[in-house]
1. If Thr112, Thr10 are ordered by their accessible area, calculated over protein heavy atoms with a 1.4 Å probe, which sequence runs from highest to lowest?
2. With the full set of protein chains in place, find how many percent of the accessible area of segment 14-250 is carbon and sulfur; take the probe as 1.4 Å.
3. Report the label-to-label distance for Arg39 and Asn253 in nanometres (one decimal), using points 7 Å from each Cα along the Cα→Cβ vector.
4. Over 22 Å between Cα atoms, which of Lys248/Lys351; Lys78/Lys177; Lys78/Lys106 qualify?
5. Would you mind checking the tilt of helix 255-273 against the longest principal axis of the Cα atoms of the chain, expressed as 0 to 90 degrees and rounded to 10?
6. Between Ala161 and Arg278, what FRET efficiency follows from the Cβ-Cβ distance if R0 is 30 Å, with the result rounded to 0.05?
7. As I understand it, the dipole of the chain uses +1 on the Cβ of Lys and Arg and -1 on the Cβ of Asp and Glu, about the Cα centre. Which of Val234, Ala19, Gly281 lies farthest toward its positive end?
8. Tell me, in nm to one decimal, what length is gained between Ala260 and Glu47 on full extension, where the rule is 0.36 nm per residue of separation less the Cα-Cα distance?
Amino acid sequence: MIYLDNNSTTPLLPEVLDAMLPCFTESFGNPSSIHSGGRRALFHVKEARQEVAGLLGCQASEIVFTSGGTESDNLALKGIVNPGDHLIVSAIEHSAILVACTWLEKHGCEVTRVGVNGLGQVEPDSIRAALKPNTRLISVMMANNETGVLQPVEEIGRIAAEADIWFHTDAVQAAGKVPVSVNRIGCDLLTISAHKLHGPQGIGALFLRAGTPLRPQLHGGHQEKRRRPGTENVPGIAGLGRACRLAKAALTNGSVDRIAALRDRLEDALTSLIPDTRINGRRAARVANTTNILFENVGGDALVLALDELGIAASRGSACSAGAADPSSVLMAMGLNGQQSRSSLRFSLGKQNTADEIENTISATPGAVARLRAKSAVFWSA
Ligand code: PLP
């Protein structure tokens with residue numbers, strides 16, 4: 001299979017598996033146990049905490065391990081705001097933020113969802129305009145999961161600092177693809193998820209700047225300094241740590257540039273070979289691995305299935321809403337209509353993809369699009 005759905009999840013790298021395996025065998029202890037078995041497990045947790053901090057440019061003590069991006073996002077929001085508070089998010093956030101906001105509204109908070117321009121970018125001035133005296137938190141993602149468009153988080157960080165408001169960024173789709181420095185961004189909280197950077201599923205982290213007050217959402221033991229109690233997922237944490245180490249290296253060893261070249265080749269070829277095709281957000285700064293392409297007059301889900309039959313895995317958008325017939329709210333926020341949004345497909349590349357795979361995708365896709373367009377023309381003329 002040619003796997004081009006890495007924004008949904010990435011294959012585990014062999015080096016990551018190597019880091020995890022000892023945690024199932026000789027280091028299976030509970031990191032809270034004071035005997036040597038527990039200390040061996042604790043060693044893996046400590047080492048991983050350093051690696052995650054190394055990727056984000058923070059202190060190891062500022063890392064809270066969670067079960068993934070969804071939990072980190074929920075913890076960031078629900079742990080900071082109180083009833084009566086106002087928070088600002090962008091309209092293109094992942095459902096982990098948007099649905100948490102709906103929950104917060106039901107629990108006495110006020111939420112402003114700021115729109116984006118035609119390139120899919122949040123405009124910092126619209127964040128500034130949304131500020132209120134009771135604004136307590138701003139949450140804007142670093143890179144969008146559907147388009148890959150990078151958001152002006154550094155500028156938003158400055159707005160938050162000037163207004164003395166907490167700032168969270170969801171960096172799930174940015175980490176490992178662009179440098180992520182919590183100090184450069186100026187954020188107080190930041191979310192990452194292991195399975196988006198060739199680590200295992202079900203493990204992630206929240207960066208929590210020292211001194212940021214956070215109300216835990218779980219109550220129990222003393223783990224993670226009570227910020228997230230529960231016996232640690234030691235193999236997952238070890239996998240996340242190794243994935244972060246490899247992700248950091250990939251930023252400078254040419255791996256990200258190689259993926260960018262493959263993505264650009266795919267975009268150039270598909271848009272020149274297939275008429276009525278457009279890249280959503282093309283002129284914006286984007287992460288290197290993602291392209292979101294509008295194939296006019298083609299059902300996106302039908303194209304995903306047609307490509308799947310040809311051995312190519314792509315998707316219509318966020319894995320959390322794929323399969324739903326709904327148009328993408330991200331693309332609609334960028335000004336596409338419902339039909340265009342349903343006709344757009346995301347190809348997201350990863351470290352494992354080869355030039356041959358991209359050439360095979362370029363050979364297969366025009367025919368699949370033409371067949372679907374011919375079918376829908378017959379349908380409309382019938
Ligand atoms: N945030 C973004 C931007 C995502 O793309 C995703 C997953 O698609 C999540 C959060 C949720 O992460 P997880 O799958 O680890 O819960």
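The values are calculated or read from the model by the stated rules, or taken from the named source; none is laboratory data. Everything numeric in this text was worked out from a predicted model, so none of it was measured. As a convention, Cβ positions derive from the backbone with ideal geometry for all residues, glycine included, and neighbour counts pool all protein chains shown. Side chains are part of the model used for accessible areas, which takes the heavy atoms of the whole protein and leaves out ligands, DNA and RNA. Shrake-Rupley method; radii C 1.70, N 1.55, O 1.52, S 1.80 Å.
1. The ordering from most to least exposed comes out as Thr112, Thr10.
2. In segment 14-250, the share of accessible area belonging to carbon and sulfur is 55 percent.
3. Between Arg39 and Asn253, the simple spin-label model gives 3.2 nm.
4. Lys78/Lys177
5. 20 degrees
6. E between Ala161 and Arg278, to the nearest 0.05, is 0.20.
7. Comparing the listed Cα positions along the dipole, Val234 ranks first.
8. Additional length available on full extension: 73.6 nm.
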